[in-house]
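Undergrad: This is the structure, below, for whatever I ask next.
The values are calculated or read from the model by the stated rules, or taken from the named source; none is laboratory data. Small disclaimer: the values here were computed from a predicted structure and weren't measured. Here the Cβ is made from the backbone with ideal geometry for all residues, glycine too, and neighbour counts use every protein chain on show. For the accessible areas, the whole protein counts, side chains as well, though only heavy atoms, and no ligand, DNA or RNA atoms are used. Shrake-Rupley method; radii C 1.70, N 1.55, O 1.52, S 1.80 Å.
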Amino acid sequence: MRSSIASGRRVAAAATRGALALAGACALAFASVHAQVSQPGAASGAPPTATETRPTVDTEPIAAAIAAARRASGASEPDRALAILDKALLENERDARLRFARAVVLSEARRTEAALAAFTALTEEYPELPEPHNNVATMHAARGELDLARAHLELALRARPDYALALENLGDVQLRLAERAYLRATQAEPANASARSKLTLARELIARVTLPLASIPAAPATSAPANPNPPATGPRPGNR
């Protein structure tokens, strides 16, 4: 999956890691499925393609813009946060960190479709970055689109096999998929006591690992703010 172009991306991505941690997490409310809001490339890096090579970028202004946008978003000023990031993007329009941070702000502002489109675009342009795949997965899981969620988590793990957040999220999605399969088994064969028992156990486990919405802080000072519009049992993003 990593061509010579991708290896060039890894070099560029190494410079993004510090700033990635500044872009908090958007929260959905699924058991343990966490959306990553630290910037893309934090885990693997986002380099430019052969036709996108560009000179070395000063990362300090980018990190400063992301930090300022996070503060604005945390203060419930998403439009100001977006304006800060849009201004920074005028000079660094293809910077994955800025675009990731912008997608996070959109998600926190309940602009779900725009956020999903932004995260999806990052997965298409930088498939080697695991974080955008993880966040796309949480959004699909929140909609009950478990197969799409699993596919994106598997892509995230293909990019970074030791990505703990995606591994945990995949476990949560697979638990939901197991519940769905057991339910279908009981519908196809109502007398199937084994399937009924497994369905009950799966639902009990889901109930135990799913956090009540009230326990998810709106905008903690030291961790990523929670998604303002989480589904009752949707994914919950992780911290920065």
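Undergrad: Taking the conditions exactly as written (at pLDDT 90 or above and within 24 Å of Leu153 (Cα to Cα)), does Ser44 satisfy them or not?
TA: Judged against the criteria, Ser44 is not a match.
Undergrad: Inside the range 126-148, can you point out the residues that are in a loop (DSSP other than H, G, I, E, B) and buried (at least 24 other Cβ atoms within 10 Å of the Cβ)?
TA: Residues satisfying the conditions are Tyr126, Glu128, Leu129.
Undergrad: Is there a residue being in contact with an Asp or Glu (Cβ under 8 Å, 6 or more places away or on another chain) and farther than 26 Å from Arg180 by Cα anywhere in the range 120-137?
TA: Scanning the range 120-137, I find no residue that is in contact with an Asp or Glu (Cβ under 8 Å, 6 or more places away or on another chain) and farther than 26 Å from Arg180 by Cα, so the answer is no.
Undergrad: Taking the condition of being crowded, with 19+ Cβ neighbours inside 10 Å and under 17 Å from Thr120 (Cβ atoms), how many residues in the range 154-168 meet it?
TA: Going through the range 154-168 one residue at a time, the tally reaches 4.
Undergrad: Identify the single condition in (1) open to solvent by 60 Å² or more (accessible area, probe 1.4 Å); (2) farther than 21 Å from Val173 by Cα that Ser73 does not satisfy, given that it satisfies every other one.
TA: In the conditions (1) open to solvent by 60 Å² or more (accessible area, probe 1.4 Å); (2) farther than 21 Å from Val173 by Cα, Ser73 misses (1) alone.
Undergrad: A follow-up question, please. Return the residues of the range 87-110 that are open to solvent by 50 Å² or more (accessible area, probe 1.4 Å) and either among the aromatic types (Phe, Trp, Tyr) or over 15 Å from the mean Cα position of the chain (by Cα) (or both); say none if nothing qualifies.
TA: Answer for the range 87-110, where residues must be open to solvent by 50 Å² or more (accessible area, probe 1.4 Å) and either among the aromatic types (Phe, Trp, Tyr) or over 15 Å from the mean Cα position of the chain (by Cα) (or both): Lys87, Leu90, Glu91, Glu93, Arg94.
Undergrad: Return yes when Ala221 is at pLDDT 95 or above, open to solvent by 80 Å² or more (accessible area, probe 1.4 Å) and among the hydrophobic types (A, V, I, L, M, F, W, C) and no when it is not.
TA: No; evaluated as a whole, the condition is false for this residue.
Undergrad: OK, next. From the list Ala232, Ala214, Ala181, Ala151, pick out the single residue that is open to solvent by 30 Å² or more (accessible area, probe 1.4 Å), more than 25 Å from Ile66 (Cβ to Cβ), modelled with pLDDT under 90 and part of a helix (DSSP H, G or I).
TA: Within the list Ala232, Ala214, Ala181, Ala151, the selection yields Ala214.
Undergrad: Just give me the residues in the range 186-204 being open to solvent by less than 80 Å² (accessible area, probe 1.4 Å) and out of contact with any Lys or Arg (no Cβ under 8 Å at 6 or more places or on another chain), in sequence order.
TA: The answer is Asn192, Ala193, Ser194, Ala195, Ser197, Leu199, Thr200, Ala202.
Undergrad: A further question follows. Any residue in the range 77-92 that is modelled with pLDDT of 90 or more sitting within a Cβ distance under 8 Å of a residue that is of a type in the set (Ser, Thr, Tyr) and assigned to a helix (DSSP H, G or I)? List the pairs, counting only those 6 or more apart or interchain.
TA: Ala81/Ser73
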